[in-house]
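**Q** Here it is: the structure, laid out below.
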Amino acid sequence: MHAMVLRELKQPLEWLELPDRQPGPNEIRVKVLACGVCRTDLHVLDGELPNPKVPIIPGHEIVGRIDAVGAGVEDLQIGERVGIPWLGHTDGTCPYCRMQRENLCDHPLFTGFTRDGGYATSAVADARFSFPLGEAGSDIELAPLLCAGLIGWRSLKIAGEGKKLGLYGFGAAAHIVAQVAKWQGRSVFAFTRPGDLHNQNFALSLGATWVGGSDEMPPEPLDAAIIFATVGALVPLALKAVRKGGRVVCAGIHMSDIPSFPYEILWGERQILSVANLTRQDGIDFLRLAPKIGIKTKTTRYALQQANQALGDLRAGRFEGAAVLTP
Ligand SMILES: [Zn+2]
Ligand SMILES: [Zn+2]
């Protein structure tokens, strides 16, 4: 197998030939068909997440076809197309797992962070944390659903039922959430970097009711806002944009410090919440719904060996929607 490997934090990935791997008990091996590039991958590379495994093969939006199964795998067959997400394993026994909050597991493994991921021609995953994808939809279009879509979905659920929804940062996750929110009958207010007319037009093309810079106030108070950008300064801005009782959901795994703000903008039972990881149920629910909604992902394809360029382009905001690597 070949892979783009992070051998050292803050260094470019290296194209390496590695010995083929065999799936262990309850594991599957897939031939990777496509793997999305997520902002979290940048946080992994930059060493912004605690206790990384290095060297590591990044990538946690994997679409692959099973070519080997380990002992004990019963629900998945060789030849089946599956998706492999960020949540790679949980202990099943900690207090969080037992209260159906496995996304908060005390002893998790995360694909592309603490177990090898999909920037490779082949990947091994825990079968119990892989989702059958069926044959509808292209590999490239499906890949972004596995994190941008799933985390977006969980964020949307946590944002509550409010009709007026703000989205701060209009990248891979927001462009999917906007479609889900519209399908649910909500109005989307999209906030981009000030002056980023390109992404504002992209949001309008996906049905946003209003677009503006993150330094602007929406024309009416929002019921909830989801912050996908990694900028802590957006938290007080979003708090000012939501009504009494409104929610501000921080969807990212990492964010710059939140500046201090007057208590008055939190008062009125406004809430700030974060979203961490996903549960398998999130995946099942969202992937069942996605074809009904008819979600169209906007993707930019890169060859696997161009992973460093894709990551650089993501960092610089040089494409709309999501980048996807194909071996
Ligand atoms: Zn657990
Ligand atoms: Zn991700």
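**Q** Of the residues ASP285, ASP257, only one is of a type outside the set (A, V, I, L, M), away from ligand 1 (no atom under 16 Å from the Cβ) and open to solvent by less than 60 Å² (accessible area, probe 1.4 Å); which?
**A** ASP285
**Q** Further question: Would you check if there is a residue in segment 264-274 being closer than 30 Å to LEU13 by Cα, buried (at least 16 other Cβ atoms within 10 Å of the Cβ) and not polar (S, T, N, Q)?
**A** No; the residues of segment 264-274 include none that is closer than 30 Å to LEU13 by Cα, buried (at least 16 other Cβ atoms within 10 Å of the Cβ) and not polar (S, T, N, Q).
**Q** Based on this model, can you work out whether GLN281 counts as away from ligand 2 (no atom under 16 Å from the Cβ) and closer than 29 Å to GLY83 by Cβ?
**A** For GLN281, the condition - away from ligand 2 (no atom under 16 Å from the Cβ) and closer than 29 Å to GLY83 by Cβ - is met.
**Q** For segment 277-289, state whether one or more residues are more than 17 Å from LEU156 (Cβ to Cβ), under 23 Å from the mean Cα position of the chain (by Cα) and touching a residue at least 40 places away in the same chain (Cβ under 8 Å).
**A** For segment 277-289, residues more than 17 Å from LEU156 (Cβ to Cβ), under 23 Å from the mean Cα position of the chain (by Cα) and touching a residue at least 40 places away in the same chain (Cβ under 8 Å): present.
**Q** Scan segment 152-169 and give yes if some residue there is within 14 Å of the chain's Cα centre (by Cα), at positive phi and in contact (Cβ under 8 Å) with a residue 12 or more places away in the chain, otherwise no.
**A** Yes; the residues of segment 152-169 include at least one that is within 14 Å of the chain's Cα centre (by Cα), at positive phi and in contact (Cβ under 8 Å) with a residue 12 or more places away in the chain.
**Q** Do any strands (runs of 3 or more DSSP E) lying entirely in segment 180-279 carry at least 1 residues that are of a type in the set (Ser, Thr, Tyr) and over 20 Å from ALA316 (Cα atoms), and which ones are they? Don't jump to the end; show me each part of the working.
**A** Details: elements: 187-192, 210-213, 222-227, 242-250, 271-274.
Once the strands (runs of 3 or more DSSP E) in segment 180-279 are filtered for at least 1 residues that are of a type in the set (Ser, Thr, Tyr) and over 20 Å from ALA316 (Cα atoms), what remains is 187-192, 271-274.
**Q** Any residue in segment 81-106 that is of a type in the set (Phe, Trp, Tyr) sitting within a Cβ distance under 7 Å of a residue that is near ligand 1 (Cβ under 10 Å from one of its atoms) and part of a loop (DSSP other than H, G, I, E, B)? List the pairs, counting only those 6 or more apart or interchain.
**A** TYR96/CYS105; TYR96/ASP106
**Q** Which condition from (1) loosely packed, with under 14 Cβ neighbours inside 10 Å; (2) within 16 Å of ligand 2 (Cβ to nearest atom); (3) not basic (Lys, Arg) is the one that PRO25 breaks?
**A** (2)
**Q** Okay, next question. Do we find a residue being touching a Phe, Trp or Tyr at 6+ places or on another chain (Cβ under 8 Å) and away from ligand 1 (no atom under 16 Å from the Cβ) anywhere in segment 71-83?
**A** For segment 71-83, residues touching a Phe, Trp or Tyr at 6+ places or on another chain (Cβ under 8 Å) and away from ligand 1 (no atom under 16 Å from the Cβ): present.
**Q** Okay, next question. In the set LEU304, LEU314, which member is closer than 24 Å to TRP153 by Cα, touching a residue at least 12 places away in the same chain (Cβ under 8 Å) and among the hydrophobic types (A, V, I, L, M, F, W, C)? Steps first, please.
**A** Values: LEU304 fails: closer than 24 Å to TRP153 by Cα.
Sole residue among the options that is closer than 24 Å to TRP153 by Cα, touching a residue at least 12 places away in the same chain (Cβ under 8 Å) and among the hydrophobic types (A, V, I, L, M, F, W, C): LEU314.
**Q** For residues that are within 23 Å of the chain's Cα centre (by Cα) and hydrophobic (A, V, I, L, M, F, W, C), scanning just segment 1-22, find the one that is surrounded by the most Cβ atoms within 10 Å (Cβ to Cβ).
**A** ALA3
**Q** So, one more: Can you name the number of the only condition in (1) open to solvent by 40 Å² or more (accessible area, probe 1.4 Å); (2) touching a residue at least 24 places away in the same chain (Cβ under 8 Å); (3) over 19 Å from PRO291 (Cβ atoms) that SER205 fails?
**A** (2)
**Q** Quickly run through segment 298-324 and pick out the residues that are open to solvent by less than 20 Å² (accessible area, probe 1.4 Å) and within 15 Å of the chain's Cα centre (by Cα).
**A** Within segment 298-324, LEU311, GLY321, ALA322, ALA323, VAL324 qualify.
The values are calculated or read from the model by the stated rules, or taken from the named source; none is laboratory data. As the structure is a prediction and not an experimental result, all values here were calculated from the model. Cβ: placed from backbone, ideal geometry, glycine included. Neighbour counts: every protein chain shown. For accessibility, only protein heavy atoms count, side chains too; no ligands or nucleic acids. Shrake-Rupley method; radii C 1.70, N 1.55, O 1.52, S 1.80 Å.
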